[in-house]
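The block underneath contains the structure these notes are about, expressed in structure tokens.
The values are calculated or read from the model by the stated rules, or taken from the named source; none is laboratory data. The model shown is predicted, which means the values in this text are computed figures rather than measured ones. Note: ideal-geometry Cβ built from the backbone for every residue, glycine included; neighbour counts use all protein chains shown.
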Amino acid sequence: MEDRLDDIITGLHQKSKTKQAIYRNTQQTFNQMKEISQELVAELTERVTKQDADVVIEYRNLNEHEFHIKFSGDLLVFVMHSNIITFPDDYEIMQSAYVQEDFPRRFFGHVMAYNFMADTIKYNRLNDPGYLVGRMLVNIENHFCIEGVKQLDLPFDRAANIAENVITDKTLRIIVESAMIASVNNDLMGQDVSEIERITLKQKLENTHLTRPHKLGFQIVHELTN
């Protein structure tokens, strides 16, 4: 019985230690991403306002787990999840020889980037969707993988490449820039006229069925393959 209890305690200790280390790595990565985003917004603001003073680019820090970048009619929402995750054995990243070599490499922190219309937040339109641009997985050795939309077109968006993908300021800047480019190219689509030809007074007062353009969305790559 004591041996079993020792095994439980050892297992819990090892997993807890691993997950705490990954959380710290992910938090550090997210803080770096915040700093890089602020610098990028400052650079873009300086360059854009010389051409058009009406174009506003803003950075907003909400809390330790979320920040926003607003540009034109788009809003990028970056969220760091507080939990550490793993995946089934048949998930592509789990089949990497690098991951299989060491058990702690099977666990990841994760940061998501979502594209909203800026007016969705401004007017608190609760039914407007946001679209996943990408998910960044961070491991115990500060290696990473990007999952998400094909539009990102990143050089390190293959799970098999996680052994070579090391987090640096340069890679984080590329990720943020690519997310902004994908969002800008995510077109705003109008509704079919048949969807807006009739409304109730309740819908009008609640602004739930008035004409509401929506984003075209992205082509999501659930399992990245070459």
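Based on what the data block shows, is Thr86 closer than 17 Å to Glu177 by Cβ, without any contact (Cβ under 8 Å) to a residue 40 or more places away in the chain and surrounded by fewer than 19 Cβ atoms within 10 Å (Cβ to Cβ)? Against the criterion (closer than 17 Å to Glu177 by Cβ, without any contact (Cβ under 8 Å) to a residue 40 or more places away in the chain and surrounded by fewer than 19 Cβ atoms within 10 Å (Cβ to Cβ)), Thr86 does not qualify.
Here's a check for you: in segment 163-200, which residue that is farther than 27 Å from Ile69 by Cα and at pLDDT 65 or above is surrounded by the fewest Cβ atoms within 10 Å (Cβ to Cβ)? Out of the qualifying residues, it is Arg198. Counting the residues of segment 40-50 that are among the acidic types (Asp, Glu) and either farther than 17 Å from Ile181 by Cβ or assigned to a loop (DSSP other than H, G, I, E, B) (or both) gives 1. Of all residues in segment 33-77, those satisfying the criterion of being polar (S, T, N, Q) and free of Cβ contacts under 8 Å to residues at least 24 places away in the same chain are Gln38, Thr45, Thr49, Gln51, Asn63. Criterion applied to Arg105, Arg24 was being more than 26 Å from Ser183 (Cα to Cα) and surrounded by 14 or more Cβ atoms within 10 Å (Cβ to Cβ), and the one residue passing it is Arg105.
Residue-by-condition table, conditions (1) over 16 Å from the mean Cα position of the chain (by Cα); (2) closer than 30 Å to Val184 by Cα; (3) at pLDDT 95 or above:
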| residue | (1), (2), (3) |
| --- | --- |
| Thr10 | yes, no, no |
| Ala21 | yes, no, yes |
| Gln27 | no, yes, yes |
| Asp52 | yes, yes, no |
| Asp74 | no, yes, no |
| Val79 | no, yes, yes |
| Tyr91 | yes, no, no |
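Among the residues making up segment 58-78, those that are closer than 14 Å to Lys34 by Cα and surrounded by fewer than 17 Cβ atoms within 10 Å (Cβ to Cβ) are Glu58, Arg60, Asn61, Leu62, Asn63, Glu64, His65, Glu66.
Against the test of being under 23 Å from Ile181 (Cβ atoms), exposed (fewer than 14 other Cβ atoms within 10 Å of the Cβ) and in contact with a Ser or Thr (Cβ under 8 Å, 6 or more places away or on another chain), the options Val111, Val55 yield a single qualifying residue, Val55.
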